[in-house]
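*Asks:* Once you've had a glance at the structure underneath, I'll fire off some questions.
Values in this text are rule-based calculations from the coordinates and carry no lab data. As the structure is a computational prediction, the values presented were derived from the model and not from experiment. Please note: Cβ atoms are built from the backbone with ideal geometry, for glycine as well, and neighbour counts cover all protein chains shown.
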Amino acid sequence: MRVRRILIEGCDSPVEVLSGETLLEALERCGFRMRRSCRNGVCEICEVSLLQGQLQQRYPRKQLSANGGVAPVALACTSELLTDIRVKIKGLKLPGEVSVKKLNSDIISVEVLTSDVYRVRLQLPATASQAVNYHAGQYLDIYLPDGRKASFSIASAPDQGRDLELHIRRIADSEMSCAVLDHLQNSSRVDVELPKGNCWLDAASIGPESRLVFAAASTGFSQIKSMVEHLLANQVMNHIRIYWGARDARDLYHLALPEQWAREHANVHFVPVVSEPELSPDWIGRTGVLPQAVLEDLDHFEDTQVYASGSPAMVYALLDACEAHGMKESQLHSDVFAYAPRPAKG
Ligand code: FES
């Protein structure tokens, strides 16, 4: 069988596709990275625009042909080539652009933000051979001396270079969270592996019309902080709405920061939400759960991308609530889809 090729807009070298490979499999085998989560045609996150050629999409089953008009959109994870093709892929990372590395980092500080949330500052090695790139919204793994590891969102933006920030909650009945914090508080260096995770954004690939909605629960704020700081560092002027929810107002451990973003940037709107106000008698802000708060404010999801960081229960509740108001699943981005996938819809 003749080898088929993928030509990618903005990339000089064609990608050869092996027999039986999907578009996504071929790209990943060759070191490209693109948004993907379920790998079975459900989340629709891996959309590509077909500029030339023909594709057979397995699920949802259909044949796509580029005919010079509006480029049909295919799902890379379930599409096989029927001819050579030319495609445009938003946010595609070229081979080697971001690679995962394990590094020994300096621990700069571990400070208390509230009674149980700590801000950890790390600094990656300066040597060029150890330089590491990451995207806003990705996470890293911290390794303990006994080889165990735990994952934490990177709260800093890639624009801050090799200085990393993490927000870590000490959970009394979580032996791992206590072990990680004890190690960080009593050591000068720590092994980290990064970058990890497929829920990230890149200021350069945000369309001018897109509205960006961020929904964070508790320390899920750290992932959102990275993305928002990256957008602000790159002077993105899109409309940005940030929702941060917690049971108790004291768990909104860094409230002054998003309040400052909203004060200093006319395109940023911030809504803190407390779900159990009886725990916070002095709270005078919004109450309720995050999905409810988001839907109270948004009556449509056209040109909207939602980034959610929190428990699977929160993320899926938000997804269901927003889908009931017209949002497509592909408009919501979260690491939850990778580590706690729901069964495919029947
Ligand atoms: S990764 Fe392709 S549809 Fe989910």
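*Asks:* Taking only Cα atoms and a 10 Å spring cutoff, compute GNM fluctuations for the chain and point out the largest among Ala172, Ala74, Ala217.
*Replies:* Comparing Ala172, Ala74, Ala217 in the GNM, the peak value goes to Ala172.
*Asks:* Between 0 and 90 degrees, rounded to the nearest ten: what's the tilt of helix 175-185 against the longest Cα principal axis of the chain?
*Replies:* 70 degrees
*Asks:* OK, next. Measure nothing fancy, just the Cα-based angle from helix 221-233's long axis to the longest principal axis of the chain, in degrees from 0 to 90, nearest 10.
*Replies:* Helix 221-233 sits roughly 70 degrees off the main axis of the chain.
*Asks:* Add +1 for every Lys or Arg and -1 for every Asp or Glu among the other residues with Cβ under 10 Å from the Cβ of Ser280, and state the total.
*Replies:* Surrounding charge for Ser280 is -3.
*Asks:* Work out the FRET efficiency for Arg170 and Ser65 from their Cβ-Cβ distance, taking R0 = 45 Å, and round it to the nearest 0.05.
*Replies:* Calculated value: 0.20.
*Asks:* If you split all Cα-Cα distances of region 292-346 into 10 Å bins from zero, what percentages do you get per bin, shortest first?
*Replies:* 23, 58, 18, 0
*Asks:* Another question, if that's okay. How many angstrom separate the Cα center of region 30-95 from the Cα center of region 167-219?
*Replies:* Region 30-95 and region 167-219 have Cα centres spaced 30 Å from each other.
*Asks:* Explain nothing, just the number: relative contact order of the chain, from Cα pairs under 8 Å at least 6 residues apart, as a whole percent.
*Replies:* On the way: 719 pairs, mean separation 46.1, N = 346.
Once divided by the residue count of the chain, the mean separation gives 13 percent.
*Asks:* Quick one: if you stick a label point 7 Å off each Cα along the C-beta vector at Ala204 and Lys102, how many nm between them?
*Replies:* Calculated label separation equals 3.0 nm.
*Asks:* Here is the link list: Lys62/Lys225; Lys62/Lys102; Lys102/Lys328; Lys88/Lys328; Lys101/Lys225; Lys90/Lys225. Which ones come out longer than 32 Å on Cα distance?
*Replies:* Check vs 32 Å cut-off fails for Lys62/Lys225; Lys62/Lys102; Lys102/Lys328.
*Asks:* Average the reciprocal distances over every distinct pair of alpha-carbons in the chain, invert the result, and give the Kirkwood radius in Å.
*Replies:* Computed over the chain, the radius equals 21.6 Å.
*Asks:* Mind checking the log10 I(q)/I(0) for region 75-124 at q = 0.12, 0.25 Å⁻¹? Debye, one equal scatterer per Cα, no solvent, two decimals.
*Replies:* Calculated log10 I(q)/I(0) at the listed q: -0.61, -1.05.
*Asks:* Based on the Cβ-Cβ distance from Glu278 to Glu302, what FRET efficiency comes out when R0 is 45 Å, to the nearest 0.05?
*Replies:* Efficiency for this residue pair is about 0.75.
*Asks:* Quick one: net charge of Val268's neighbours, Cβ under 13 Å, K/R +1, D/E -1?
*Replies:* Around Val268, the surrounding residues sum to +1.
*Asks:* Bin width 5 Å, alpha-carbon pairs only: give the P(r) of region 101-196 as whole percents, running from 0 to the bin holding the largest distance.
*Replies:* 2, 14, 26, 28, 19, 8, 2, 1, 0
*Asks:* Alpha carbons only, please: Rg and Dmax for region 203-339, in angstrom.
*Replies:* 14.2, 43
*Asks:* On to the next question. Taking the Cα atoms only, what angle lies between the long axis of helix 312-323 and the longest principal axis of the chain, rounded to 10 degrees?
*Replies:* Computed tilt is about 60 degrees.
*Asks:* Please report the Cα spread of region 4-88 along all three principal axes, rounded to whole Å, starting with the longest.
*Replies:* So the extents along the principal axes, rounded to whole Å, are 29, 28, 23.
*Asks:* Given region 114-155, what whole percent of its Cα pairs are spread farther than 13 Å?
*Replies:* 69 percent
*Asks:* Let me ask another. Counting helices only, and only those DSSP H runs with n ≥ 4, report the 222 nm mean residue ellipticity of the chain as the sum of -39,500 (n - 2.57) divided by its residues, in deg cm²/dmol to the nearest 500.
*Replies:* The helix contribution divided over the chain gives -5500 deg cm²/dmol.
*Asks:* Which net charge results for the neighbourhood of Met176, defined as the other residues with beta-carbon distances under 10 angstrom from its beta-carbon, given Lys and Arg at +1 and Asp and Glu at -1?
*Replies:* That sum, taken over residues with Cβ under 10 Å, equals +1.
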